[in-house]
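Worksheet for the structure shown next.
The values are calculated or read from the model by the stated rules, or taken from the named source; none is laboratory data. Keep in mind that what you see is a predicted model, and the values were worked out from it rather than measured. Here the Cβ positions follow ideal geometry from the backbone for every residue, glycine too, while neighbour counts run over all protein chains shown. With ligands, DNA and RNA removed, areas are computed over all heavy atoms of the protein, side chains included. Shrake-Rupley method; radii C 1.70, N 1.55, O 1.52, S 1.80 Å.
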Amino acid sequence: MRLLPALLLGTLIGGLAAAGAAAAATPERVLGLYRQHCAECHHEQRLGGMGPALLPGNLKRLRRQAAVEVIGHGRAATQMPAFADKLAAADIEALADYIYTPPAKPPVWGLSEIRASHIIHNREETLSPRPVYPVDDPLNLFLVVELGDHHVTLLDGDRLEPIHRFKTRFALHGGPKYAANGRFVYFASRDGWISKYDIYNLKWVAEIRAGINTRNLAVSADGRYVMVANYLPHSLVLLDARDLSPIRLYEVKDASGRSSRVSAVYTAPPRQSFIAALKDLPEVWEISYAEEPPAGFSGWVHDYRSDSGENLEPEPFPVRRIRVKDYLDDFFFDQEYVSLIGASREGKGQVVDLDLGRVVAELDLPGMPHLGSGITWTYQGRPVLATPNLKKAAVSVIDMQTWKTIKTIKTLGPGFFMRSHEQTPYAWVDVFFGPNRDAVHVIDKRSLEIVKTLRPAPGKTAAHVEFTRDGRYALLSIWDPDGAVVVYDAASLQEVKRLPMNKPSGKYNVYNKTRYSAGTSH
Ligand code: DHE
């Protein structure tokens, strides 16, 4: 949620309300408060944007009283600020009532709306198959998302210099995903726009609005499909990667018809499938794009009994459902894509064996582990995973054979992103929240000790690291409108240079991403 303007306005006007009793909460007044404080991030019609949709269907896991708390005191690990000192308690209660009231007309975003939004900018066949600018190694290119003014910068990873800067849709979120050859990249914005960009020609190829409030997207390992995970509507949308035309929409429901938001979707290259976890149902979905899906995939999305085949025509891209023990808000995989390691926001961790199709272990992960940012490496001959925590000042290191925590590394505050590379002995983790948010820890993967704490811009959030293809340099964001990407020598940990940028967030190296480096998110 982008809240600065709302905050400033809130401070000026809301202070008056907070000081005294609120005026009577008429529908007009509540609507006015909503427009003034919430609409910028959550959308005029509560459909979500930078922040989630505020409709009863999307708030199933948030009790009304918890919503009152969030409005008053903000939400950890998000951009949601506290309004308790700007709004009177009665106004906060009235806003909570409002968001639990169904809209007069339920929002619809089906295949016809999706199709109607489709834009073709440039046909692939009209574009150059080679970069139109000088570059030695196109696999060592980087994209840097600049949240400050919704732009992306293309960086040359050898010269460590910008090549081009271009405007994007509003509020990109999650990692852009590259096609396997690294020429095309797919972006998702929080409000559902999926955009395909040609990095060689510096041109947009196509766009489509696949949802109203979107989580993320994944690209199939064969580069033929894009899958989009939505919060609103409760759907997954399969697109043709060539021009983003829609192939299939999956309504995300269980056998009894209860629907769910999708936490996220990822590609699982060795399985030729997409894997999605659900936020409101204890299920993981695996969707196969293999020519001949293995056994266990039903031909019908909405019916568990379809294995019997009664009256059901098998459809392409079938779904296999795996029941889990709790909701999975956040998750990632081992390098082989056999184990899915997931956790609910309440910190209940589970390991799902995707071959066996069931939960095989539970994890001790207190706080709010950010598994989406988890990484793996080999420690004393055994595979381990490490995850930052959005609520606790700690990094958990877990043995991936026994699934036991082998070390909890204390940090200076909760962190968002963790990164490493095969060619470096170090893992980097930021301190995203709290008074030390300008600090970044460097952990030695051999000793599991913090060996250095960097403060590249005192007072400004330092976050999210990505390595060059060879692991020689680590690039770090100064998450500020007057920010920069700071380049470090990954061995000496000395600063090499700074590239000024407008609130740079994630950085994505073509090689590391398309080779599924163990040190980065996939
Ligand atoms: Fe993210 C990735 C979920 C808040 C910046 N974030 C992801 C992914 C998920 C996720 C599921 C993986 C998607 C992918 O890459 O395919 N993020 C969530 C949340 O649930 C949470 C906590 C609440 C929310 O608002 O949705 C959240 N995220 C944030 C932020 O507040 C951040 C810091 C700023 C922003 O952009 O809104 C933020 N998230 C990012 C970034 C990535 C990301 C930069 C990609 C990291 C990468 O290197 O791959």
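Taken over segment 397-408, the criterion of being open to solvent by 10 Å² or more (accessible area, probe 1.4 Å) and in contact (Cβ under 8 Å) with a residue 24 or more places away in the chain is satisfied by M400, W403, K404, T405, I406, K407.
Quick grid of which residues meet (1) in a strand (DSSP E or B); (2) in contact (Cβ under 8 Å) with a residue 60 or more places away in the chain; (3) more than 15 Å from the ligand (Cβ to nearest atom):
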position	(1), (2), (3)
P162	yes, yes, yes
F166	yes, no, yes
F170	no, yes, no
I208	yes, yes, yes
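Taking the conditions exactly as written (in a strand (DSSP E or B), open to solvent by 40 Å² or more (accessible area, probe 1.4 Å) and either over 23 Å from F166 (Cα atoms) or within 14 Å of the ligand (Cβ to nearest atom) (or both)), does K452 satisfy them or not? Spelling it out, K452 is indeed in a strand (DSSP E or B), open to solvent by 40 Å² or more (accessible area, probe 1.4 Å) and either over 23 Å from F166 (Cα atoms) or within 14 Å of the ligand (Cβ to nearest atom) (or both).
Yes or no, residue by residue, for (1) within 23 Å of the chain's Cα centre (by Cα); (2) hydroxyl-bearing (S, T, Y); (3) more than 16 Å from the ligand (Cβ to nearest atom):
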residue	(1), (2), (3)
I443	no, no, yes
P458	no, no, yes
S492	no, yes, yes
N509	yes, no, no
S517	yes, yes, no
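Restricted to strands (runs of 3 or more DSSP E) entirely inside segment 280-391, those with at least 1 residues that are more than 16 Å from the ligand (Cβ to nearest atom) and either modelled with pLDDT of 95 or more or among the aliphatic types (A, V, I, L, M) (or both) are 283-288, 319-323, 339-343, 348-353, 358-364, 375-379, 382-387. Is it the case that segment 64-71 has a residue that's in a loop (DSSP other than H, G, I, E, B), surrounded by 18 or more Cβ atoms within 10 Å (Cβ to Cβ) and either among the hydrophobic types (A, V, I, L, M, F, W, C) or under 26 Å from the mean Cα position of the chain (by Cα) (or both)? No: zero hits. On inspection, L139 qualifies as away from the ligand (no atom under 16 Å from the Cβ), open to solvent by less than 80 Å² (accessible area, probe 1.4 Å), closer than 21 Å to D489 by Cα and not aromatic (F, W, Y). Return a yes/no flag: does segment 402-409 have any residue that is away from the ligand (no atom under 16 Å from the Cβ), under 30 Å from I287 (Cβ atoms) and modelled with pLDDT of 95 or more. Looking through segment 402-409, at least one residue is away from the ligand (no atom under 16 Å from the Cβ), under 30 Å from I287 (Cβ atoms) and modelled with pLDDT of 95 or more. Here L238 meets the list (1) away from the ligand (no atom under 15 Å from the Cβ); (2) open to solvent by less than 30 Å² (accessible area, probe 1.4 Å); (3) part of a strand (DSSP E or B); (4) farther than 17 Å from A264 by Cα almost entirely, failing just condition (4). Number of residues in segment 460-479 that are open to solvent by 10 Å² or more (accessible area, probe 1.4 Å) and within 13 Å of the ligand (Cβ to nearest atom) equals 2.
The test for being open to solvent by 30 Å² or more (accessible area, probe 1.4 Å), out of contact with any Ser or Thr (no Cβ under 7 Å at 6 or more places or on another chain), closer than 11 Å to L87 by Cβ and at pLDDT below 70 holds for A18.
Being in contact with a Leu (Cβ under 6 Å, 6 or more places away or on another chain) and either at pLDDT below 90 or open to solvent by 20 Å² or more (accessible area, probe 1.4 Å) (or both) holds for only one residue in G57, G48, and it is G48.
Does Y250 satisfy the criteria of being within 16 Å of the ligand (Cβ to nearest atom) and under 30 Å from Y327 (Cβ atoms)? Criteria not met by Y250. The residue pairs whose first member lies in segment 467-481 and is in contact (Cβ under 8 Å) with a residue 12 or more places away in the chain and within 17 Å of Q494 (Cβ to Cβ), whose second member is basic (K, R) and outside any loop (DSSP other than H, G, I, E, B), and whose beta carbons are closer than 6 Å, counting only pairs six or more residues apart or on different chains, are L475/K507. Of all the residues in segment 392-430, those that are touching a helix residue (DSSP H, G or I) at 6+ places or on another chain (Cβ under 6 Å) and assigned to a strand (DSSP E or B) number 1.
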